[in-house]
Structure formats: structure tokens, C-alpha cells
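Structure first, commentary second.
FYI, it's all coordinate maths here, none of it is from the lab. Note that the structure is predicted; figures quoted are calculated from it, not measured. All Cβ positions, glycine included, derive from the backbone under ideal geometry; neighbour counts span all protein chains shown.
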Amino acid sequence: MTPEKAVIRGNKDVSLISYHEWNTLVGIYKEDVNFDTLQVVERERIRKSLLNGIPSNLRGDIWCMLCRCNREKAMHGEGMYKKLADPSIANKNDEHRIRKDVGRTFTNYPASLKYLECEGKDFNWKSEAGQQMLYNVLLAYANYDSEIGYV
């Protein structure tokens, strides 16, 4: 166990995860594809910290860490998202519902430009680029989990 992992595990009396701890966890995650936050931090502590709010500048990294995105990417290989976002493999009912819903999804929600390809441009979810991004994500998930599909 690395010293960072020991330090985080030893803080059981602290109810919320501090900025420094989130930053340390994200650093470990970026170095180790198999890193599992739940092996280091109690589930209840993570839950309370998420409910309290997480640092906005680490939000994307924290969610990727908690969802184990690196592990999923390693399991499925490069290009998996692109394949899943392909309308030709989609359930036509799901595709129709997604197209119908995209225009009314997150229309007033602020976008974090840090994670968007169109960084530096004036961006909003109502734009054509924003609508296409939402469509791609929803379609990719519906294709990924065809048992649930688009709900």
C-alpha cells in the first residue's frame, strides 16, 4: 500500500473528503488503471462527500475515477464509444425517443468547457454541437446496455 493510500484510509474520523484527498485519489487513479477508490475510502464517506458537493475543477476526474472509466476503456479498447454512438446499430425505437428528447434535455444547464471538444467557443447545450453531443452519449449508452436501452 502506498503512503497516500494509508493516509487516506487513516482519516476515518473525517466525514467529508477534503480537496487535497480528492486530488490525491485522482492522482493515484491516473497512474493505476486498476485503482478502486472503494478499497481506500469507505463507501459512506464517499456518499456524504458526493452529497455535499465535490470540487468543480476535479468533477470530471472524480466521476471518471468512481465509474472506473480507465478500467472500462482498457477492457473495451480504443474506439468503443465511437462504435456505440453509431446509429446503424441502434434500436430504432430508442433512436427515435432520443432524437425527440435531446432538444429538451439540459437546455439551461451550464457546460464545462474543460471537457468539451469545442473549448474556447461560446458553447451551450442548445447549439447544434451540444445537441449532437447529448444525442451521441444517450445513444451510446442505449447501445451499450441494450437490456435497459433508452429510458
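So, R0 is 41 Å and r is the distance between the beta-carbons of GLU147 and ASN23; what FRET efficiency does that work out to, to 0.05?
Taking R0 as 41 Å, the efficiency between GLU147 and ASN23 is 0.65.
Treat each spin label as a single point 7 Å out from the Cα along the C-beta direction, and report the ARG71 to GLU31 distance in nm.
1.9 nm
Could you name the aspartates and glutamates whose alpha carbon sits less than 16 Å from that of LYS126, not counting residues in the same chain fewer than 8 places away?
Straight-line reach from LYS126, under 16 Å: ASP101, GLU117.
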